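Below is one structure, written out as structure tokens; comments come after it.
No value in this document is a laboratory result; all are computed from the given coordinates. Just so you know, these numbers come straight off a predicted model, no measurement behind them. No Cβ is skipped: glycine too gets one built from the backbone with ideal geometry, and neighbour counts run over all protein chains shown.
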Amino acid sequence: MVDAIPYELFHGFDVGLVPAPGRLSASRPGGGQGCVIDAGTGIESAAGTERVARWLRATVGAATGCPLDPHTGDGPRVRLRIVPALAAELGGPEAYRLTVDGHGVAVDGAGEAGVFWGAQTFRQLLGPDAFRRAPVSTRDTWRLPAVTVHDAPRFRWRGLLLDVARHFMPKEGVLRYLDLMAAHKLNVLHFHLTDDQGWRVEIKRHPKLTETASWRARTKFGHRASPLWEEKPHGGYYTQDDIREIVAYAAERHITVVPEIDVPGHSQAAIAAYPELGNTDVVDTSALTVWDDWGISSNVLAPTDTTLRFYEGVFEEILEMFPSEFVHVGGDECRKEQWSGSPTAKSRMAELGLADEEELQSWFIGHFDAWLSARGRRLIGWDEILEGGLAKNAAVSSWRGYGGGVAAARAGHDVVMCPEQYVYLDYRQAPGDDEPVPIAYVRTLEDVYRFEPVPAGLTEEEAGHVLGAQANVWTEVMEDSARVDYQTFPRLAAFAEVAWRSLPAPAERDFADFERRMTSHYRRLDALGVAYRPPAGPLPWQRRPGVLGRPLEGRPPNT
């Protein structure tokens, strides 16, 4: 990967790219305009780049009014080409080189993904109006600066967790977020599909998961300490065809969708639909409903063969819908009071020679680790799966600070870094009473920009187990897409740069330069219709006066 150089204005063009590429320089010595995109510009797409060409026509073509027909040999062109040698030259299969000069635009990628990321940079160079869905002026030419970009991502996993279990996001909203991820060169959607408050994916052999577990009678409005309720049913789910559409749409944008089906905790919705999954010897599970409150339910799955067979059936259908290498099984915040009082759980521990309930949870996760491995997939779970012993082939999502990630990497396991202290985007963005439903500690745009995914103290070999990083959007207090936008942006832009670019140490990062580039990027977000938090603070309609949050004072621990 080539070293980054400072940004500058290229002959009147502010090339405020986000995320910043590895190297950007003027293509033409002495300056001068690069090229013009107009109605006569065609796309020359080499083998393997046809999908990128279709994407350019559907997005850039629609926004500019330039049809971007196949290049015929006359006029300017946008050339798309796969150049495998760029992988070694620049760093990996997602590397690309973009050149703008008097001949047009050339986007060369080490693979199709690299070409696609180069096309995203091309779109940014055209200006904010290239992010609209139709032309907003009568202009018929679009000028590009003469620049050359050499670029490749630092990490292979550049993720966003979208929690659709707490508040359901309709399919169109998910597709929109895939577009927003692609615009920021993020490539993993961690799809949090199940929790205590709802089950969001159709499982045909277990129809009550959508008939019963997909909706709740009412919803707490604000943090769980709030006295306010939204007294109406909330629910929704994705059919299997919806899921296939989402996965295909993501794949066209070089995004992998990793499903999360929570076990053995965060499972009250499933138990409400199928009471036999719960600890029936200590609680009347037939009386349970889908949870309408926030927090951590004590109703967890029973460690029985009935439960294992049920979830094997669930995962069989999940594997048919999601071709991803990884399948997330949750494994976090599993309360063990019911297991401690359950004769069935105690009998299972004695049968297996387990010392305590933590080892029982480890056995539960280990069962599905082996089950998924036998089918060519890999289990990933939250860092609680380290407790009681980590399953053989498991990877870890390290959310409770860096500690879980360090322990897993030193044990030879792959890790995705998503510490709550930096990249939980439900956390409030500023102090003060105007911040809507303030949750936990203040995590500003600059805080996210100074997040470092690779923990200090790891050897080079251990650091190689850090697959990448992920920002998490938990939606307890995000009742609609506007609230999700507000919490997610602009901080996701800062995270995207951290995940994409090799940056200096956190204290040495040029946040002032990032803020300058964000001046251009806010206009892109405006064009995309993103209801982000403005730098000056929330707009009047973005506030939530009187809705209780959970603000915490000082700096978060373990940073």
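Here are a few things to note about the model shown:
- Loop-located trypsin sites (Lys or Arg not before Pro) across the stretch 361-393 with a Cβ neighbour count of 13 or fewer within 10 Å are 375, 392, with loop assigned by DSSP.
- Cα-based helix-to-principal-axis angle, 305-321 vs the chain, degrees rounded to 10: 10 degrees
- Percentage, to the nearest whole number, of Cα pairs in the stretch 9-151 over 20 Å apart: 43 percent
- Order of 228, 548 under a 10 Å beta carbon neighbour criterion, fewest first: 228, 548
- Residues whose placed amide H lies under 5 Å from that of residue 256, excluding near-sequence neighbours: 188, 189
- Correct choice for Kirkwood radius over Cα pairs in Å that was computed from the model, options [x] 28.9; [y] 23.9; [z] 24.7: [z]
- The ranking of 138, 148 by Cβ neighbour count inside 10 Å, starting from the fewest, reads 138, 148.
- The stretch 55-113: GluC sites (Glu not before Pro) falling in loop per DSSP and having at most 16 other Cβ within 10 Å: none
- By the count of other C-beta atoms within 10 Å, a proxy for reagent exposure, 226, 25 are ordered fewest to most as 25, 226.
- Directionally averaged shadow of the stretch 476-523, computed from the convex hull of its alpha-carbon atoms, nm²: 4.5 nm²
- Computed Rg/Rh of the stretch 249-314, alpha carbon atoms with Kirkwood Rh: 1.11
- Residues in the stretch 519-525 carry Karplus couplings, in order, of 4, 6, 6, 4, 5, 5, 4 Hz; the curve used is 6.51 cos²θ - 1.76 cosθ + 1.60 with θ = phi - 60°, and Gly or Pro positions show x.
- Alpha carbon centroid spacing (whole Å) that separates the stretch 245-272 from the stretch 367-403: 16 Å
- Maximal additional length on extending the residue 232-residue 392 stretch stands at 53.1 nm, based on 0.36 nm per residue less the C-alpha distance.
- In Å, descending, principal axis extents of the Cα set of the stretch 276-373: 39, 37, 22
- Loop-located GluC sites (Glu not before Pro) across the stretch 199-244 with a Cβ neighbour count of 15 or fewer within 10 Å are 231, with loop assigned by DSSP.
- A straight chain from residue 316 to residue 511 at 0.36 nm per residue would run longer than the Cα-Cα distance by 65.6 nm.
- Relative contact order of the stretch 157-551, defined on C-alpha pairs under 8 angstrom at six or more residues apart (%): 17 percent
- Debye log10 I(q)/I(0) for the stretch 443-494, one point scatterer per Cα, at q = 0.18, 0.25 Å⁻¹: -0.71, -0.97
- Taking θ as phi - 60° and the Karplus parameters 6.51, -1.76 and 1.60, the scalar couplings of the stretch 380-392 work out to 10, x, 5, 5, 4, 5, 6, 6, x, x, 7, 4, 4 Hz in sequence order, x denoting glycine and proline.
- Converting phi to 3J(HN,Hα) with the Karplus coefficients 6.51, -1.76 and 1.60 and the offset θ = phi - 60°, the stretch 243-248 yields 4, 4, 5, 4, 5, 5 Hz in sequence order, with x at every glycine or proline.
- Net lengthening on full extension, residue 375/residue 552 (0.36 nm per residue, minus Cα-Cα): 59.3 nm
- Cα→Cβ-extended label distance, 7 Å offset, between residue 309 and residue 23, nm: 6.2 nm
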